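The values are calculated or read from the model by the stated rules, or taken from the named source; none is laboratory data. Keep in mind that what you see is a predicted model, and the values were worked out from it rather than measured. Reconstructed Cβ throughout: ideal geometry from the backbone, glycine too, with neighbour counts over all protein chains shown.
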Amino acid sequence: MTVTLSVLALLALQVLAVLCAWRAIQGARTPQGAVGWVVALLAAPYVSVLIYLFLGHHRYHAYLVSRRSSARVIDAVKQFALARGPSIRPSVNTEPFEKIAALPVVGGNALIPLIDGAETFGAIFDAIDQAERYVLVQFFIVHNDRIGQSFCDKLSAAAQRGVTVRFMTDAVGSKGLSHSFYQTLRAAGVQVADPRPKHRFALNFRNHRKTVIVDGVVGFTGGLNVGDEYMGRDPTFGAWRDTHVKLVGPVVSQLQLAYLEDWHWSTAEQIASELNWDAPLSDADMAGLVVPTGPGDELETGGLFFFSAIAAAQERIWIASPYCVPDTDILSALKHAALSGKDVRLLVPDVIDHYIPWLAAFAYFDELREAGVQIWRYTEGFMHQKVVLVDDTFAAIGTSNLDNRSFRLNFEVMAVGFDTAFTAQVAGFLEQDFARAHLLEKDLSEQPLRIRVGAPISRLFAPLL
């Protein structure tokens, strides 16, 4: 009997391996990826089947709400100020970005860069203190440390004075967040979404968004999570260089729509009717767009955002990202832009955050530099900002890194300003960052042994980084 059951189990495993291999053939992005999965699944199904179930797909078909298909969501936001076009039409072709976002460029906004932790959390805490109706919160990482406790206190105080507060975080990013932190929020009346994924094989998909929205009037997004390291208090990282952005105007409603989707997925609650979709216009009258991307979209919108930005550049494309692990499409686009004579710069940290992606980046630097791309390594502490600058035409601040995980595995959001004043501000702080960085001039062959050996090996993991 035991032998029969063992044989049946092995047979079932082989059948499952074949089914997974067929799915890999159908869904892999490249022939090389398909071949790799097929060989692994058929040669070693005992290990490969489990790995494939967690890591072998880049579409999140379980995502419950889509901006493109949900009539309930579309009906809920009919009144928000999408109809207001910009008073001055941007000179860049915005159509690719609008199609990626499934949202139109709107006018009447203000986009205000916030530099580093003190400025960012100062602005967020002030907004929470002024909240009258509701506060919507979402972060990838939340720590129960000094800044985490201050954040908890602010949210609890808002809830206790009658403001509706909703709190959401990611199960992987905040895996170390204590149960007592959630209990404190709930005891104060904060509505806390269960961070656990709805599907046990969904751990490879992560919600990397960082969002705070107050009363549908002001919004925040960018690179900072909630933790003392983001305030520069971690002795390992030292000074922490990051960028957030404060949003005012109709783009707040767009950011709110992305939050609505995530909240609905996490809780199955439809809260659109409880929210303000009539954000007041700003005198700054910037044309703007919020671009949510993620594996719930039919297209690989995360990568397409970067490709579209690079393709739009006429004179320069500057990208600041803590990680540089591009796929072949973005790699080719960057090299083509540089070969065309454009000023292409990548600003990355010299300090190590996650060792494997830090090493993998060195495997790309040589071919990028040969094409004329400048690699600048930030040296004054750790740099974590996610910023894109194109010409004097537009700039974006948000959560997306220049890596495969942001391209196709993470839920991300970028706030884009098609405005020369906003672009000038972004160019200004990036120029200051370049002054605190050095230009990479050594080939991989000239690097220390650990980098020479580690970089090509780490690159093998690029699809997961």
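Of note, Ser400 satisfies the criterion of being more than 17 Å from Asp343 (Cβ to Cβ) and at pLDDT 95 or above.
Could you tell me which residue of the range 344-358 is surrounded by the fewest Cβ atoms within 10 Å (Cβ to Cβ), considering only residues that are modelled with pLDDT of 85 or more and aliphatic (A, V, I, L, M)?
Our first condition is that a residue be modelled with pLDDT of 85 or more; within the range 344-358, this holds for 344-351, 356-357.
Add one more test, that the residue is aliphatic (A, V, I, L, M), and what stays is 344, 346-348, 351, 356.
Details: Val344: 25, Leu346: 24, Leu347: 24, Val348: 21, Val351: 20, Ile356: 18.
So, considering only residues that are modelled with pLDDT of 85 or more and aliphatic (A, V, I, L, M), the one surrounded by the fewest Cβ atoms within 10 Å (Cβ to Cβ) is Ile356.
Considering the range 433-453, and only residues there that are in a helix (DSSP H, G or I) and exposed (fewer than 14 other Cβ atoms within 10 Å of the Cβ), the residue that is modelled with the highest pLDDT turns out to be Ala435.
Could you tell me whether the range 262-284 includes any residue that is surrounded by fewer than 24 Cβ atoms within 10 Å (Cβ to Cβ), among the small types (Gly, Ala, Ser) and under 30 Å from Val348 (Cα atoms)? No, that holds for no residue.
Matching residues to (1) part of a strand (DSSP E or B); (2) touching an Asp or Glu at 6+ places or on another chain (Cβ under 6 Å); (3) within 27 Å of Gly122 (Cβ to Cβ):
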site: Gln254; (1), (2), (3): no, no, yes
site: Glu261; (1), (2), (3): no, no, no
site: Trp265; (1), (2), (3): no, no, no
site: Ala279; (1), (2), (3): no, no, yes
site: Ala284; (1), (2), (3): no, no, yes
site: Gly288; (1), (2), (3): yes, no, yes
site: Pro292; (1), (2), (3): yes, no, yes
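For the range 418-432, which positions are of a type in the set (A, V, I, L, M, F, W, C), buried (at least 21 other Cβ atoms within 10 Å of the Cβ) and not in a strand (DSSP E or B)? Even if it seems obvious, please write down each step before you answer.
The initial filter retains those residues of the range 418-432 that are of a type in the set (A, V, I, L, M, F, W, C), namely 418, 421-422, 424, 426-427, 429-430.
Filter again for buried (at least 21 other Cβ atoms within 10 Å of the Cβ), leaving 418, 422, 426, 430.
Of everything in the range 418-432, those that are of a type in the set (A, V, I, L, M, F, W, C), buried (at least 21 other Cβ atoms within 10 Å of the Cβ) and not in a strand (DSSP E or B) turn out to be Phe422, Val426, Leu430.
This table checks each residue for (1) within 15 Å of Phe140 (Cα to Cα); (2) out of contact with any strand residue (DSSP E or B) (no Cβ under 8 Å at 6 or more places or on another chain).
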| residue | (1), (2) |
| --- | --- |
| Arg166 | yes, no |
| Thr184 | no, yes |
| Val218 | no, no |
| Thr243 | no, no |
| Val252 | no, no |
| Asp262 | yes, no |
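No other residue among Val245, Val190, Val217, Val252 is assigned by TED's automatic domain parsing to the domain that holds Asp116 and within 30 Å of Ala437 (Cβ to Cβ) apart from Val245. For the range 321-357, the candidate set comprises residues that are in a helix (DSSP H, G or I), in contact (Cβ under 8 Å) with a residue 12 or more places away in the chain and of a type in the set (Gly, Ala, Ser); within that set, the residue that is nearest to Pro456 (Cα to Cα) is Ala333. Go through the residues of the range 233-244 one by one and say whether even a single one is surrounded by 17 or more Cβ atoms within 10 Å (Cβ to Cβ), within 22 Å of the chain's Cα centre (by Cα), modelled with pLDDT of 90 or more and among the basic types (Lys, Arg). Within the range 233-244, one or more residues are surrounded by 17 or more Cβ atoms within 10 Å (Cβ to Cβ), within 22 Å of the chain's Cα centre (by Cα), modelled with pLDDT of 90 or more and among the basic types (Lys, Arg).
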